[in-house]
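The values are calculated or read from the model by the stated rules, or taken from the named source; none is laboratory data. If you're wondering where the values come from, they're calculated on a predicted model, not measured in any experiment. For neighbour counting, all protein chains shown are included, and Cβ atoms are generated from backbone atoms with ideal geometry for every residue, glycine included. SASA here: full protein model, heavy atoms, side chains in, ligands and nucleic acids out. Shrake-Rupley method; radii C 1.70, N 1.55, O 1.52, S 1.80 Å.
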Amino acid sequence: MIMKDMNRKLTNRYLIPAAVCLLGICGLVFYYFFFSFSARPKTEYIYIDNNDNVDSVLAKLSPIATCHGIQGLRTLLRHSAYSKHIRTGRYAVTPKDGAFKIFRCIKNGQQAPVELTIPSVRTLDRLSAELSKKLMLDSTTIYRVLTDEKICHRYGYDTLTIACMFIPNTYDVYWNISTEKLLDRMKRESERFWNFKRREKAKQMGMTENEVITLASIIDEETANDAEKPMVAGMYYNRLKLRNVEYPNGMPLQADPTIKYAWRRFGLRRIYNNLLHIDSPYNTYKNVGLPPGPIRIPSVAGIDAVLDHVHHDYLYMCAKEDFSGTHNFAHTYQEHQKNAARYSKALNERGIK
């Protein structure tokens, strides 16, 4: 009995301190590696690029980290092979994540995607610049790819029509996506957008997908009023399909936005006769039919306005003199001249050159 008591006392003497010590170690492990890493109340993001090393990664994380969190992560990074396999990307740091979770994400490349919205811009250099704001790719790299004939042909386009592949929706992509994967993704999204219903509508109009998008780009430049776009589209479609004694080869579109595009003078408020003689395939006053490619990336509303255009017999339109952003439509050139005179007078009264 005495021996049992002595053994129990010896056991308590060593086991209790050992248990306390073990609990302390577990507490420290939890505190440094699993307790909240971030000192911020909301999710933050860090961007790791090709130039980063362990020190620069820690430097990017330090401003948002707690002291214990950054110490825990530093320990994990120093005692791993991370320095030899640094993965680029955009990584989320949520308020509930611990250092171990952050370490696992950046070590395994578990990125948080970015929302990439395709902008409705006029030129490829502007498209490249806007895309580069959301991606690791720089604008020069993107522009070089979009203006490479061989690459464009690989996707079924040329450098004048490649913009047709970019449907202006919002997509989840990874920040470090390559140009090849970006174009592959845009091609898939374009094919998804051009479903059976849209393809059939274009076919019934006797137009290709690129032609629909090109016409839609003109419609979007003519009006920002989505409700009026199908009406405007119907007027231009009538011109495209017109064949008579006066226009045996078709009526020129005579779309002012194409003149702005030909001159690259997008701020023009008035199109004077001296601007109509520019030698350009985008001059729809001189050339019959559509220009060789879109004059901007059109909106989905613009594309669907072409496919669902209003069936009417108007051939002319002119901006309303009340500057409402809508138009007066006319059947004859004589009616159109009256509408144009009223609009010209309103411009003169406002001193718009």
Of the candidates 113, 223, 247, the farthest towards the positive dipole end of the chain (Lys/Arg Cβ +1, Asp/Glu Cβ -1, centred on the Cα centre) is 113
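Using a ≥ b ≥ c from the Cα gyration tensor of the stretch 165-213 (square roots of the eigenvalues), is it rounded, prolate or oblate, where a/c under 1.5 gives rounded and otherwise the larger of a/b and b/c decides, a/b for prolate?
prolate
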Given charges at beta-carbon only (K, R positive; D, E negative), |dipole| of the chain in Debye:
1520
For 296, 104, 264, the accessible-area ranking with a 1.4 Å probe, largest leading, is 264, 104, 296
What residues have an amide H closer than 5 Å to that of residue 327, excluding those fewer than 5 places away on the same chain, when H is modeled at 1.01 Å from N in the peptide plane?
320
Using only Cα atoms, locate the centre of the stretch 142-189 and the centre of the stretch 277-353, then give the distance between them in Å, rounded to an integer.
30
Computed lengthening from residue 94 to residue 247, 0.36 nm per intervening residue step minus Cα-Cα distance
48.6 nm
Set the Förster radius R0 to 45 Å, insert the Cβ-Cβ distance between residue 188 and residue 347 as r into 1/(1 + (r/R0)^6), and round the FRET efficiency to 0.05.
0.50
Taking the Cα atoms only, what angle lies between the long axis of helix 179-193 and the longest principal axis of the chain, rounded to 10 degrees?
60
Using just the helices of the chain, give the 222 nm mean residue ellipticity in deg cm²/dmol: DSSP H runs with n ≥ 4 each add -39,500 (n - 2.57), and the total is spread over all residues, rounded to 500.
-14500 deg cm²/dmol
Positive-end extreme of charge dipole, the chain - chosen from 99, 261, 57 (charges on Cβ)
99
What is the set of long-range amide H partners of residue 251 at a cut-off below 5 Å, with H atoms built 1.01 Å from backbone N?
242
Two-decimal Rg/Rh of the chain from alpha-carbon positions, Kirkwood Rh?
1.26
Cα long-axis angle, helix 67-78 against the chain (0 to 90 degrees, to the nearest 10)
90
How much accessible area does residue 276 have with a 1.4 Å probe, in Å² rounded to the nearest 10?
30
Got a sec? Charge dipole of the chain, +1 on Cβ for Lys and Arg, -1 for Asp and Glu; which of 157, 283, 170 is way out at the positive end?
170
Built amide H within the under 5 Å cut-off of residue 117, gap 5+
171
Taking a 1.4 Å probe, which of 208, 159 shows the most accessible area, and what order do the others take after it?
208, 159
Using alpha carbons only, how many degrees (0 to 90, rounded to 10) separate the axis of helix 196-205 from the longest principal axis of the chain?
20
Which order do 263, 194 take when ranked by solvent-accessible area (1.4 Å probe, heavy atoms of all protein chains), largest first?
263, 194
How long are the semi-axes of the ellipsoid equivalent to the stretch 85-175, from square roots of 5 times the Cα gyration tensor eigenvalues, in whole Å, largest first?
33, 14, 11
